[in-house]
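The values are calculated or read from the model by the stated rules, or taken from the named source; none is laboratory data. These figures come from a predicted structure and were not determined experimentally. All Cβ positions, even for glycine, are placed from backbone atoms using ideal geometry, and neighbour counts span all protein chains on display.
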Amino acid sequence: MTKRIQYLVALVVSVFLLSSCQSDNQRESQVAKAYNAQRAKLEKEKQEKAAKMMQLSEEAKDNFYYQQLDSKSDREAYILLSYGLSEFESYIELPELSEESEYRVYTSVANDYPEFYWMSEALRDGLYTPEIVSPTYPVYVQETYRLLQSIGDQIVSQLPQGSDYDKVKYIYEYIINQTDYNVAALTDDAESWKGQGIKSVLVDKLSVCAGYSRTFQFLCEKAGINSIYVTGVIEGSPYENNSHAWNLVEIDGQYYGIDATWGDPIFEGEMNEQISSSINYNYLCVPEQILHISHKPDKDLLDFWGDYYHSIQELDYPAFTDNSLNYFVLNGSYFESFDTAAISNLVINRASDPSVQQIEMQFATKQALDQMVAEAGREGNFIFQAFDSVFGFTETYEYEWEDHTYTFRIKNWR
């Protein structure tokens, strides 16, 4: 009996020890599996980050402002910052940079990536180093980011299937038709900092030049068309020396100037103190010899900051001298010289169409424009004669012109 009890006790102890060993082994196995799973997860994330960083590096080679950065550390920081912002990281570790380099990197990323809509808003009160590595994101930033991407995709899906020019013209018109210019921004500095990003156009429908230009860039890029966001100042207008933004766009290997803001009749009406309801095509695919009459691009990226002291690193903008896609050239209303016969034919052809409400033309030189203006004010001039040949008799008409685009417009002849 005693031996049997001893045997049973030994058996129970053996079973307990065996069970304990098995439990320990299971726990060790579970810990090992969890460790390996976590390690595999981290390795996968590391590989995914490396792949995305490589992709960003390749894509950045075509980005205008990335190309302007002249040091390896600045370019490395550009890639790290663009990656961190695309992942909405709360802290972005960058290589050690001077304050000036940090400003260059931040502004370069903001100018090359309009989809980071919050960056332009962050510039409102000046840029500080902590904001670069520890960015402040708007509320619901990821949801808004996805919404803007969706809206952009939908717009691009509606682009005409023709040439890149047709697509660019559609984008130009879409932005103007869907957006009201915030006229208060012309005289109120606080208002001028509102609507700097693409959300102001695509969602809020109220914007300023930066919003118009960034949205144009955003939609062009989605359409596979290269576009550059340009900042500078205006000369020769009621708002001379005001900061401004516009675009360069590449079509079939040639660059052209674009200013959707100045194409908006609301903006044009405010500038000229005249009510207009028609899109202004004076700033659609124009050459530099026209655009640079009034638009003076910043020579250095950090000129944007005004009196901020910085070393000069001149921006290497592409030349844009081709005039073949100029709206007036394409529509047969561009004149190399003041040619009364050719202009008369234009007036007669346009006036004969009941749907035409105004007749626009552009001249190659200021001299030719001045001749047109002088003739338009002369009693019994050839414009009256052209109208008389269509309507029998025309008592009056109105005209206006723009010195900074050499354009002339006739209206209200009926």
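Annotations for the structure displayed:
- Contacts under 6 angstrom Cβ, first residue in segment 279-308 being closer than 21 Å to ASP164 by Cβ, partner assigned to a loop (DSSP other than H, G, I, E, B) and charged (D, E, K, R), 6 or more apart: TYR283/ASP259
- Positions within segment 334-355 being in a helix (DSSP H, G or I) and among the charged types (D, E, K, R), in sequence order: ARG350
- Count of residues meeting criterion [in a strand (DSSP E or B) and over 17 Å from ASN177 (Cβ atoms)] in segment 204-259: 21
- GLN217 falls short on exactly one of the conditions (1) at pLDDT 90 or above; (2) farther than 17 Å from TYR317 by Cβ; (3) crowded, with 22+ Cβ neighbours inside 10 Å, and that condition is (2).
- Residue selected from segment 232-249 under the condition more than 11 Å from the chain's Cα centre (by Cα) and touching a residue at least 60 places away in the same chain (Cβ under 8 Å), by the criterion surrounded by the fewest Cβ atoms within 10 Å (Cβ to Cβ): GLY236
- Meets criteria (over 19 Å from the mean Cα position of the chain (by Cα) and without any contact (Cβ under 8 Å) to a residue 12 or more places away in the chain) for VAL139: yes
- Long-range neighbours under 6 Å by Cβ, at least six apart or interchain, first residue of a type in the set (Val, Ile, Thr) within segment 65-80, second part of a helix (DSSP H, G or I): ILE79/LEU56; ILE79/SER57
- Among the residues of segment 203-214, those that are of a type in the set (A, V, I, L, M, F, W, C), without any contact (Cβ under 8 Å) to a residue 60 or more places away in the chain and either outside the structural domain of ILE266 (by TED's automatic domain parsing) or surrounded by 24 or more Cβ atoms within 10 Å (Cβ to Cβ) (or both) comprise VAL208, CYS209.
- Residue match in segment 327-334 (condition: of a type in the set (Ser, Thr, Tyr), within 30 Å of ASN226 (Cβ to Cβ) and surrounded by 20 or more Cβ atoms within 10 Å (Cβ to Cβ)): yes
- Test: residue in segment 399-411 that is surrounded by fewer than 17 Cβ atoms within 10 Å (Cβ to Cβ) and free of Cβ contacts under 8 Å to residues at least 12 places away in the same chain: no
- Condition check for SER311: within 25 Å of THR405 (Cα to Cα) and more than 21 Å from the chain's Cα centre (by Cα): no
Per-residue answers, yes or no, for (1) surrounded by 19 or more Cβ atoms within 10 Å (Cβ to Cβ); (2) outside the structural domain of TYR397 (by TED's automatic domain parsing); (3) among the hydroxyl-bearing types (Ser, Thr, Tyr):
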position	(1), (2), (3)
THR321	no, yes, yes
THR340	no, no, yes
SER344	no, no, yes
ILE348	no, no, no
SER352	no, no, yes
SER355	no, no, yes
ILE359	yes, no, no
ALA364	no, no, no
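- Residue count for segment 95-115, restricted to those that are of a type in the set (A, V, I, L, M) and either surrounded by fewer than 23 Cβ atoms within 10 Å (Cβ to Cβ) or outside any helix (DSSP H, G or I) (or both): 1
- All conditions but one from (1) modelled with pLDDT of 90 or more; (2) of a type in the set (Ser, Thr, Tyr); (3) not assigned by TED's automatic domain parsing to the domain that holds ASN280 apply to TYR174; the one that does not is (3).
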